[in-house]
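We did not get these values from a lab; they are worked out from the coordinates using the rules stated. Everything numeric in this text was worked out from a predicted model, so none of it was measured. Using ideal geometry, Cβ is built from the backbone for each residue, glycine included, and neighbour counts are taken over all protein chains shown.
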Amino acid sequence: MTTPTSAAAILNTLRDLRVLVINPPGDISDALVLQLIRIGCSVRHFWPPPEKCEVAVDVIFTGIFQSRHHEEISGLVTAGDPRTTVVALVEYESPAVLSQILELGCHGVITQPLDSHKVLPVLVSARRNSEETAKLKQKNAQLQDRIGNQTDINRAKVRLMKQHNWEEEQAHTFLSREAMKKRKSILEIAREILQQQPGR
Amino acid sequence: MPHHPDRPTLGLLFSATGVTADIERSQRYGALLAIEQANREGGVNGYAIESVSHDPGGDPDRYRLCAEDFIRNQGVKLLVGCYMSHTRKAVMPVIERADALLCYPTPYEGFEYSPNIFYGGPAPNQNSAPLAAYLINHYGERVVFIGSDYIYPRESNHVMRHLYRQHGGSVVEEIYIPLYPSDDEVNHAVERIIKAQADVVFSTVVGTGTAELYRAFARHYSTSARPPIASLTTSEAEVKEMGNDAAEGHVVVAPYFSSIDTPASRAFVDACHDFFPDDVTITAWAEAAYCQTLMLARAMRAAGSWYVEDVRRQLYQLELDAPQGPIRIERQNNHTHLTSRIAEIDARGAFQVKWQSPQPIRPDPYVVVHNLDDWSASMGREERR
């Protein structure tokens, strides 16, 4: 079981966050950057969107644009660390904008007009969403691996059982003993068996 | 829309009735004293500064209506007032929509910024953090929380709980009583405190419940030594109401106490004695209201105008030699650089300052995790009682 991301883990790290703001200069960007500074984050403001991010980033606040900038931002997000939290700053709620929000995989949305009271709650919940998603993805990959490994072990056991007319337990004992003797994992031994004797 | 007033006018939003009337009256007279002094200094463009007042009676809806009346009907956009957090929250949207300005001379829980509000009381990094360091250094590790049941106590306790845990202390009981508690509710709370065998009690009870709590506490501990009650809000006004016996030995953190013996403080106390009605007490929050109103007046004078945008620009330039020491507004978050002081109440009901910050503390209203070590170093570790 994955433990859910604790409130403390999110709240206690707010001041360590490296935040990128991608939005044209102006009142909205100023208000957002200043509020993030008040919250205590390190903030960098970019416009136009940078081609790539040279420094590590934990959170991206980005405007949603009906222009080539959308592709640039999308590229930036895709190329970046998958654990980066993305928050959209939206002016319109039209279908194209909504699709772009989903395409970017945003973990939170702030609607304009922006006032400073909106920033911290969204930052906190978006951080939690992205941390949680990243954790679950990692866990999922581990489980996929484990299922694949188990299949190989089971196939090796079946082969041994047929070959020696063994019960499942005998096959299991054989694999464990071999693994211990050769100082390898059961999985490695199972894969050796499968390679030595290509299946029928 | 109403006209811009042809005289410099401030709207005062302090309750003269209701649960926080004592403290808000002291704030209101602090503001009025500042206006009187500013007018003696020559007012603004030769005009005397005027004030309009309402009594919102401690009720958030009435605060909102009063603010609307000042702004919409009278064109007055420079306001001073509010004590409890939910009254400030009620006024905030009205102030922001009209691009008016509210000076809020009260300690609060932090985590707020409005371009239209200037915060004149301490944020948690200016009161809770030093107080926690002091309590842990001077008393034991077992603390009981008691508070009035609204946002400020709950948020203050959140901060305090974190600070205590960080230093191996434990919160053995957390009690909330209504803003208007009955005798039974106060007595029951005190019984729970005694049962918890705390080394120190952290109280965020505000208003008239404060004196009742301290008195009940004194009654229940009549024969044995009682642990100190530490507070962010208990002031000279509440001490006067509860009596010196009930107040003795308790601890308060605030930027100012009327017992401070500096020329600026003595001048303020003398002026208050001349100006305040007999039943109004000098408190830290009266000082805060006085300072903010005086800053508004000086900003109007420097701008030669009482338009919000002119006044706001000037406010950031000011440094005031306040009764507590020098103060100024932090441009980044509209809160105020303030000195922090911790005092113990003596047998005569006077606040004896035990510690003060070496210089004014920069306001930082968005601290989720406070660091006690910042303060412990400047306090030394005395023997625990």
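Starting from the Cα-Cα distance between A:Gln150 and A:Ser42, subtract it from 0.36 nm times their residue separation and give me the gain in nm to one decimal.
Values: separation 108, 0.36 × 108 = 38.88 nm, distance 4.54 nm.
Between A:Gln150 and A:Ser42, full extension yields 34.3 nm more.
Arrange B:Cys272, B:Cys103 by Cβ neighbour counts within 10 Å, fewest through most, would you? Don't skip to the end; give the middle numbers.
Numbers: B:Cys272 22, B:Cys103 26.
Fewest-to-most Cβ neighbours within 10 Å comes out as B:Cys272, B:Cys103.
Using the crude model of +1 on Lys and Arg Cβ and -1 on Asp and Glu Cβ, and no other charge, please compute the dipole size for chain A relative to its Cα centre, in debye to 20.
Values: 25 positive and 23 negative charges, 258 e Å.
Here chain A has a charge dipole of around 1240 debye.
Rounded, prolate or oblate: pick one for the stretch B:201-353, where a ≥ b ≥ c are the square roots of the eigenvalues of its C-alpha gyration tensor, a/c under 1.5 means rounded, and failing that, prolate if a/b is larger than b/c, else oblate.
Values: a/c = 2.58, a/b = 2.21, b/c = 1.17.
Cα axes put the stretch B:201-353 in the prolate bin.
With a cut-off of 8 Å between alpha carbons and a minimum separation of six or more residues, what is the relative contact order of the stretch A:148-196 in percent? Mind showing how you got there, number by number?
Numbers: 36 pairs, mean separation 21.1, N = 49.
Worked out over the stretch A:148-196, it gives 43 percent.
Which is farthest toward the positive dipole end of the protein assembly as shown among B:Gly349, A:Gly108, B:Gly243, measuring Cα position about the Cα centre, with Cβ charges +1 (Lys, Arg) and -1 (Asp, Glu)?
The residue sitting most towards the positive pole is A:Gly108.
Could you work out how much longer the chain between B:Glu41 and B:Lys240 gets when fully extended? Use 0.36 nm per residue separation minus the Cα distance between them, nm to one decimal.
On the way: separation 199, 0.36 × 199 = 71.64 nm, distance 3.28 nm.
The span from B:Glu41 to B:Lys240 would gain 68.4 nm if fully extended.
For the protein assembly as shown, state the average projected area of the convex hull of the C-alpha atoms over all orientations, rounded to one decimal in nm². The partial results should precede the final answer.
Values: hull surface 151.8 nm².
The directionally averaged projection comes out at 38.0 nm².
Exposure proxy check: A:Thr133, B:Thr20 ranked by fewest other beta carbons within 10 Å? Intermediate results must be reported in sequence, preceding the final value.
Numbers: A:Thr133 16, B:Thr20 26.
Result, fewest neighbours first: A:Thr133, B:Thr20.
Express the relative contact order of the stretch B:172-216 as a whole percentage, based on alpha carbon pairs under 8 Å and six or more residues apart in sequence. It would help to have the intermediate numbers written out before the result.
Numbers: 26 pairs, mean separation 23.2, N = 45.
Computed value for the stretch B:172-216: 52 percent relative contact order.
Skipping prolines and chain starts, which residues have an amide H placed within reach, meaning under 5 Å, of the one on B:Ser51, given they are 5 or more residues away or on another chain?
Answer set, sorted by chain and number: B:Leu10.
Taking the Cα centroid of the stretch A:31-103 and of the stretch B:269-323, what is the distance between the two, rounded to the nearest whole Å?
43 Å
Grab the eigenvalues of the alpha-carbon gyration tensor for chain B, scale each by 5, take roots, and send me the semi-axes largest first in whole angstrom.
Numbers: eigenvalues 244, 88, 76 Å².
Calculated on Cα positions only, the semi-axes equal 35, 21, 20 Å.
Which of the residue pairs A:Lys52/A:Lys139; A:Lys157/A:Lys184; A:Lys157/A:Lys181 have a Cα-Cα distance greater than 21 Å in the structure shown? Let's see the in-between values first.
On the way: A:Lys52/A:Lys139 29 Å; A:Lys157/A:Lys184 16 Å; A:Lys157/A:Lys181 18 Å.
Pairs exceeding the cut-off: A:Lys52/A:Lys139.
Can you list the trypsin sites (Lys or Arg not before Pro) in the stretch A:20-83 that are in a DSSP coil and have 14 or fewer other beta carbons within 10 angstrom? Mind showing how you got there, number by number?
Numbers: sites: A:Arg38, A:Arg44, A:Lys52, A:Arg68, A:Arg83; in loops: A:Lys52, A:Arg83.
Counting only loop positions with at most 14 other Cβ atoms within 10 Å, the trypsin sites (Lys or Arg not before Pro) in the stretch A:20-83 are A:Lys52, A:Arg83.
When the helix-only estimate is applied to the protein assembly as shown (DSSP H runs of n ≥ 4, each -39,500 (n - 2.57), divided by the residue count), what is the mean residue ellipticity at 222 nm, nearest 500 deg cm²/dmol? Numbers along the way, then the final one.
Numbers: 20 runs with 262 residues, N = 585.
Counting only the DSSP helices, I get -14000 deg cm²/dmol.
With r defined as the distance between the Cβ atoms of B:Arg266 and A:Asp115 and R0 fixed at 60 Å, what FRET efficiency is calculated, to the nearest 0.05?
E(calc), rounded to 0.05, equals 0.90.
Answer with one residue from B:Val368, B:Leu32, A:Gln66: the one whose Cα lies farthest towards the positive end of the charge dipole of the protein assembly as shown, charges on Cβ with Lys, Arg +1 and Asp, Glu -1.
A:Gln66
For the pair A:Leu143 and A:Gln170, what calculated FRET efficiency results from E = 1/(1 + (r/R0)^6), where r is the Cβ-Cβ distance and R0 = 22 Å, to the nearest 0.05? Present the calculation step by step, with values, prior to reporting the outcome.
Numbers: r = 29 Å, r/R0 = 1.31.
Efficiency for this residue pair is about 0.15.
Calculate the spin-label point distance for B:Ser170 paired with A:Ser125, positioning each point 7 Å from the Cα along the beta-carbon direction, and give it in nanometres.
Going by the 7 Å Cα→Cβ label model, 3.6 nm.
For chain A, what relative contact order do you get, as a whole percent, if you take Cα pairs closer than 8 Å and at least 6 residues apart?
Numbers: 238 pairs, mean separation 33.1, N = 200.
Answer for chain A is 17 percent.
Quick check on the exposure proxy: order B:Lys354, A:Lys162 from fewest to most C-beta atoms within 10 angstrom.
Details: B:Lys354 14, A:Lys162 11.
Going from least to most buried by this count: A:Lys162, B:Lys354.
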